[in-house]
Each structure stands twice: as C-alpha cells, then as structure tokens.
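Before any comments, here is the structure.
The values are calculated or read from the model by the stated rules, or taken from the named source; none is laboratory data. Here the structure is a predicted model, which means the values were calculated and not measured. Here the Cβ positions follow ideal geometry from the backbone for every residue, glycine too, while neighbour counts run over all protein chains shown.
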Amino acid sequence: MLPTCTADPSGGVRLDGSWTLAGFACGLPLLPEKPVPRIDAGGLTALDTAGALQILALEAGSDTHWDGLTAGHATLLDLVRAQAARERPPPPPVPGCLEALGRRATAQLCEVRDFLGFFGEMSLAFWRALLLPHRFRWTPFLANIQSAGLAAMPIVGLLSFLLGVVIAYQGGSQLGRYGANIFIVELVSLTMLREMSVIMTAIIVAGRTGSAWTAQIGTMRVTEEIDALRTIGIRPMDMLVIPKVFALMVALPLLTVYADAMGVLGGMVMADLQLGVSFQEFLQRFPQAVSVRSFLIGVGKAPVFALLIALVGCYQGFKVSGGAEAVGRQTTVSVVQSIFLVIVVDAAFSVLFSWLKI
C-alpha cells in the first residue's frame, strides 16, 4: 500500500500505508511544510528507518501527540530519534599555512631519507655484482640495453637532428648579419656536444625508460610478484634494479654520442642551406672548434644522469602501494623527479666546470 499523509481538521495528520524504502519507490507522500501537533499512526502497515526519518520530520518536539502507534513502531521511532539527536564529532580543523608548510617539509625530508636508504642498499648490491660477476644476471642486463638503448635510437636521433637544425637556424640568422657565417660551426658543435645532446637524451630516456621501469616494478608490487621473489630466495635488488642501472649506464653514453652526431648533422644541413657553409667547410673547421675535452665533458655527464634516472625510476616503483591508480601516480612522480634532478645536476656540473675553468 502506498504511503500517504492526510491532514485532519484538528491540524494534525493521519499516516497510512507502508512507510518503507520500498514503499517510497512507488512515490513519496506529500508532507506538510511545518511540524504538526498531532500524528495519527493507526493506519501504518509497515515502517523502517527511511520512513521513520520522514515521520520524525513532522514532529513538533515534545508537544507532538501520537495516536494509534504500535509498540514496535514506537521502539523504532525512539531508536531513530536517539540516533539523530546524537552529537556528531566536529570535523578536524584545517591546518594553517605554517602547519601545512611544516608537514610538507617533513614529508619531503622523509622522502629524501628513504631515497638515500634505497641508494645505500643499491650501492651494496652494485659492489656485490662487481665482486661476484658470475652471479650477475646477464639476460635482464642485455634486455634492458635493447629496450633503453637500441629502441630509443629513432626518437633520440630525430629530436637531436631537429635540435641541431633549430640552433643553426636561430644562431645563423644573427651571425649572418655580421658576416660571421663560419662561426656557426662553433655554435652548433659546442652547444650540442657539451650540453644539449646529453641533457636532451637524458630527458627523453627519463620520460621513456624511467617511467616504464616504475610502471613495471609498481605492477609487480601490486600483483605481489616481488614478495614471491623474496619467498624463493631472490633479492629484488639483484634481479630488478642492478641490471637496469648497469644497462642504462652503458646505453646512455652511447645514445649521447649518437645524439651528438645527429645534432651536428642537423646543424650542417641548416648551415649549408641558410649560410652557404658547405659540408666540407664545416667538417674542416670542426676539429678546430671542438676539443676532445669538450666532447668528454658532454659524454662524461651521461653515466651520472643514467644513475639518477635508473635510481628514481626503480625507487618510485618500489613505493607503489594499492592499485592501478598508485602505479600511474608514482610513474608521474618518477618522470618529474628524474627530469628535475637531471637539470639540477647539469647546472651543478656547469658551475663546477666554470670554477675549474674547463
């Protein structure tokens, strides 16, 4: 029976039907806009907590007079009335600006502490792999070289070539005004070999390989594969981290040399088209413009960047807890932190080389 609420001449209401959630599915009763002094519940056929909440909205406090209310319905109404009157705890206070800043600073310090602990554990495994090469896992090492090095060559080569074109185009337009076209060789070569090739390659690898490693290890954490490795006596550090670190420290310097060649090639093409500096003139001046020291400075940064990218990618993967959402979140954090650290360390290298006058 549908729930109904009918007004009577005395100013009260009469309740009929099934005042339950199932009864409300067929239609809500039309209630008075204000509480009433008298409620006749003799026509109630069924009542649950949903109906009790609707009925209690009609009460005018302790002055409400009830008629025809059964003992069971009265008990349920008393229970709902007591629960509704119970004082709820206040919401936690919103932290102020200084408190929020302190919490974030503390969280960042804890993050640095955990990262240093992970680096220490990796260092022990690194030296263990050097002292016991027969226990080194060569199959994951070669597979990571293929995925992080060979598979990245097309995108690294294309972007390095275009970067050389852009540098030559932007710098050539200025050099041409002063008749210093030949100095495009120094501009392109030093810029690419000393700075741009290695940092661009590191950023590409951080976004491509570092994120993939975070997602891989994070997924293994979610599916408890890492716990299974520990159960059968395999160190996750030896299986998942050390081969990746070694592989990237080999692959990134080689990718940097490849990016150097492609960037210089892009600059040669643009110098020939825009400034009239032929390939032969460019190559003849190239050994005079670029010293071996400048080349080694650029390539020497690559293993350091490789170590940072591999460490951050693996560390964020081990931090995953929860489900697929956590994997995506830590992957994003991995890419951001890797690129940030690469740029900061490159700036530190620049200051150091300037101080050493090299």
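Assorted remarks:
- Meets criteria (over 23 Å from the mean Cα position of the chain (by Cα) and in contact (Cβ under 8 Å) with a residue 12 or more places away in the chain) for Met270: yes
- Residues considered: Gly263, Gly313, Gly276. Of these, the only one that is crowded, with 22+ Cβ neighbours inside 10 Å and farther than 30 Å from Met239 by Cα is Gly263.
- Scanning segment 57-70 for any residue that is of a type in the set (Val, Ile, Thr), within 30 Å of Asp16 (Cα to Cα) and at pLDDT below 80 turns up at least one such residue.
- Only one entry in Val165, Val156 is modelled with pLDDT of 90 or more, closer than 30 Å to Phe126 by Cα and surrounded by 15 or more Cβ atoms within 10 Å (Cβ to Cβ), namely Val156.
- Of the helices (runs of 4 or more DSSP H) lying entirely inside segment 120-229, those containing at least 2 residues that are closer than 24 Å to Val336 by Cα and in the same structural domain as Phe295 (by TED's automatic domain parsing) span 138-148, 153-175, 197-205, 211-222.
- Segment 293-349 - residue that is hydroxyl-bearing (Ser, Thr, Tyr) and modelled with pLDDT under 90 and, of those, farthest from Asp114 (Cα to Cα): Ser294
- Qualifying residue in segment 302-310 (condition: out of contact with any Leu (no Cβ under 8 Å at 6 or more places or on another chain) and either farther than 23 Å from Phe126 by Cα or crowded, with 20+ Cβ neighbours inside 10 Å (or both)): no
- Ile199 of a type in the set (Val, Ile, Thr), touching an Asp or Glu at 6+ places or on another chain (Cβ under 8 Å) and modelled with pLDDT under 90: no
- Residue match in segment 84-92 (condition: at pLDDT below 90 and in a helix (DSSP H, G or I)): yes
- When Val351, Val320, Val336, Val312 are checked against the criterion of being in a helix (DSSP H, G or I) and in contact (Cβ under 8 Å) with a residue 40 or more places away in the chain, a single residue qualifies: Val312.
- Criterion applied to Leu53, Leu142 was being within 30 Å of Phe24 (Cβ to Cβ), surrounded by 10 or more Cβ atoms within 10 Å (Cβ to Cβ) and modelled with pLDDT of 80 or more, and the one residue passing it is Leu53.
- Only one entry in Pro29, Pro35 is free of Cβ contacts under 8 Å to residues at least 60 places away in the same chain, outside any helix (DSSP H, G or I) and surrounded by fewer than 17 Cβ atoms within 10 Å (Cβ to Cβ), namely Pro35.
- Candidates are the residues of segment 289-299 that are without any contact (Cβ under 8 Å) to a residue 24 or more places away in the chain and assigned to a helix (DSSP H, G or I); the one that is surrounded by the fewest Cβ atoms within 10 Å (Cβ to Cβ) is Val292.
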